[in-house]
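The values are calculated or read from the model by the stated rules, or taken from the named source; none is laboratory data. From a predicted model like this one, the values you see are computed outputs, not experimental measurements. For neighbour counting, all protein chains shown are included, and Cβ atoms are generated from backbone atoms with ideal geometry for every residue, glycine included. Surface areas here come from the heavy atoms of the whole protein model, side chains and all, with no ligands, DNA or RNA. Shrake-Rupley method; radii C 1.70, N 1.55, O 1.52, S 1.80 Å.
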Amino acid sequence: MRDSQSIAIIGTGPAALMTADVLSQSTHRVSIFEKRKGLGRKLLIAGSSGLNITNDLPVEEFKRHYSGPPELWNQVLGGFSPQDWIQFIETLGSPTFKGTSGRYFVQDMKASGLLQKWKQRLDQRKVEFYFDHECVDFETSHTSPRITLSFEGGKKMQFDAVYFALGGGSYEPKEDPLRWPALFIRKEIDFSPFTPSNVGFRVDWKANFLKEAEGLPIKNIELSSPRGVRRGEIVITNYGMEGTPVYFVGQTGEVRLDLKPDLSIGQMIAKCRSVRENLSPIRRVKRQLNLSEAALALLFHEAPQSCLGDLEKLCQLIKSFPLLFIGKQPLVEAISSAGGINLNEINTKFMLKKFPGIFIGGEMLDWDAPTGGFLIQGCVSQGFAVGSSILSYLQE
Ligand SMILES: Cc1cc2nc3c(=O)[nH]c(=O)nc-3n(C[C@H](O)[C@H](O)[C@H](O)COP(=O)(O)OP(=O)(O)OC[C@H]3O[C@@H](n4cnc5c(N)ncnc54)[C@H](O)[C@@H]3O)c2cc1C
């Protein structure tokens, strides 16, 4: 064992940066390679709609949001918990806050400040960044423990340990598709093709409804599907619907929308009947139930006309409006992806069983989680675990 060995980290997402942070506190030489001109593209994109870093759920409940073996999540979230992550960000100098839904955000909602501070710290610790460096191959040999990496353009470099954190399949530009899956498939590493997850759904809206509601939110609703019930906000789009409760549904088929989750049907009927004037049922609903513009448009244009003149039927619809999700939006519009490198290909240290010294983590592995901060948390917790695994591997 040598005191200072060389480690390559490929990728600059949260999984990669967290591993770099752990390793940069050792005597080893750490180099990070990124195919793009700057770091953390997907984090920057995530920050454009408010960077949700984690969630305040108790850790036992938190873990249940991930696919894959529970032992894996016990291990990584036990080693680097949501509280550890919040404290880490605060220590970097980026304040955080908890939203009403229990989700944590960085105070400025964007990723750029956090990334800038993180890079500054890694620079100070002498981590070397190489941008415009796409890793296109790796080779191991029986005669040397060193790993050779090849980069686009022909450059080759050798390292004592390598960590790939190349990200998942979502939101990749069509003109620059992900090339890493082919590399791992060539090495006979089991890879499940990416499919969209945490993604909007298509709904066959009527033109008159869209004219009034396209782009509008409907806040504080509950969406029920075979997967369960989720409360939150949805947004009507020209193709269908977006929003956290929509992403949770995960599959096509019928869903039910509760536009007034805090009122029972009886309470709604009583409120509407309390109007003395001689108003039609739909006008009573409009006056008494404080429904948003888009929710009212949904009732006017998408409900069966026979319901509009019947207060009871109308209130039943408000509690349980049937909608048909006819298809998922494509991978390029998804927040995350299902699929990736099969978890059976790595050991409990995140090292490839077939290639000792090569570690894999983050969204490129085949696990998934809903939105709500679980994705980034999963990546940084894995990144932390990989950092410790590489340190013990180099000590062996
Ligand atoms: C619109 C959107 C909103 C989101 N919002 C949230 C949110 O609020 N909260 C949340 O928890 N999650 C959110 N996510 C998901 C989150 O951003 C990802 O789960 C996370 O960034 C994955 O981290 P990672 O480190 O595994 O990979 P990535 O962040 O994808 O990083 C992988 C890096 O590897 C580089 N790379 C790939 N191949 C090569 C190669 N061959 N050589 C060199 N470099 C390479 C890529 O350029 C990239 O920089 C959002 C995602 C999207 C698309």
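Condition (residue is open to solvent by less than 10 Å² (accessible area, probe 1.4 Å), at pLDDT below 95 and either within 16 Å of the ligand (Cβ to nearest atom) or among the basic types (Lys, Arg) (or both)) applied to segment 379-387: is it met by at least one residue?
Checked against the condition, which is being open to solvent by less than 10 Å² (accessible area, probe 1.4 Å), at pLDDT below 95 and either within 16 Å of the ligand (Cβ to nearest atom) or among the basic types (Lys, Arg) (or both), segment 379-387 yields no hits at all.
Quick one: is Arg125 at pLDDT 95 or above and open to solvent by 60 Å² or more (accessible area, probe 1.4 Å)? I'd like the intermediate steps shown before the answer.
Working: at pLDDT 95 or above: yes; open to solvent by 60 Å² or more (accessible area, probe 1.4 Å): yes.
Spelling it out, Arg125 is indeed at pLDDT 95 or above and open to solvent by 60 Å² or more (accessible area, probe 1.4 Å).
Could you say which residue among Leu39, Leu23 is under 20 Å from Tyr130 (Cα atoms) and touching a Gly at 6+ places or on another chain (Cβ under 8 Å)? I'd like the intermediate steps shown before the answer.
Details: Leu39 fails: touching a Gly at 6+ places or on another chain (Cβ under 8 Å).
Among Leu39, Leu23, only Leu23 is under 20 Å from Tyr130 (Cα atoms) and touching a Gly at 6+ places or on another chain (Cβ under 8 Å).
Here's a check for you: in segment 23-43, which residue that is among the β-branched types (Val, Ile, Thr) and open to solvent by less than 50 Å² (accessible area, probe 1.4 Å) is farthest from the ligand (Cβ to nearest atom)?
So the first thing to find is which residues in segment 23-43 are among the β-branched types (Val, Ile, Thr), and the list is 27, 30, 32.
Filter again for open to solvent by less than 50 Å² (accessible area, probe 1.4 Å), leaving 30, 32.
Values: Val30: 15, Ile32: 9 Å.
The selected residue is Val30.
Can you tell me which of Ala20, Ala46 is open to solvent by less than 50 Å² (accessible area, probe 1.4 Å) and more than 10 Å from the ligand (Cβ to nearest atom)? Spell out the reasoning first.
Working: Ala46 fails: more than 10 Å from the ligand (Cβ to nearest atom).
Going through Ala20, Ala46 in turn, just one is open to solvent by less than 50 Å² (accessible area, probe 1.4 Å) and more than 10 Å from the ligand (Cβ to nearest atom): Ala20.
Answer with yes or no whether Leu365 is among the hydrophobic types (A, V, I, L, M, F, W, C), modelled with pLDDT of 95 or more and surrounded by fewer than 23 Cβ atoms within 10 Å (Cβ to Cβ).
Criteria not met by Leu365.
All but one of (1) at pLDDT below 95; (2) part of a strand (DSSP E or B) hold for Pro177, so report the exception by its number.
Just one mismatch for Pro177, condition (2).
Based on what the data block shows, is Ala165 at pLDDT 95 or above and closer than 30 Å to Gly93 by Cα?
Yes.
Given the condition within 16 Å of the ligand (Cβ to nearest atom), open to solvent by less than 50 Å² (accessible area, probe 1.4 Å) and under 23 Å from the mean Cα position of the chain (by Cα), answer yes or no: does some residue in segment 314-328 qualify?
no
Confirm whether Ser112 is hydroxyl-bearing (Ser, Thr, Tyr), open to solvent by less than 70 Å² (accessible area, probe 1.4 Å) and at pLDDT below 95.
Criteria not met by Ser112.
Run Gly387 past the list (1) more than 18 Å from the chain's Cα centre (by Cα); (2) on the phi > 0 side of the Ramachandran plot and report the number of the one that doesn't hold.
(2)
Being more than 12 Å from the ligand (Cβ to nearest atom), at pLDDT 95 or above and farther than 19 Å from Arg227 by Cα: is that true of Gly340 here?
no
Please go through segment 128-159 and give me each residue that is out of contact with any Phe, Trp or Tyr (no Cβ under 8 Å at 6 or more places or on another chain), more than 10 Å from the ligand (Cβ to nearest atom), open to solvent by 50 Å² or more (accessible area, probe 1.4 Å) and assigned to a loop (DSSP other than H, G, I, E, B), ordered by number.
Residues satisfying the conditions are Ser141, His142, Thr143, Pro145, Gly153, Gly154, Lys155.
Looking for whichever is over 20 Å from Phe164 (Cβ atoms) and out of contact with any Ser or Thr (no Cβ under 7 Å at 6 or more places or on another chain) here; the options are Gly50, Gly13. Which one fits?
The match here is Gly50.
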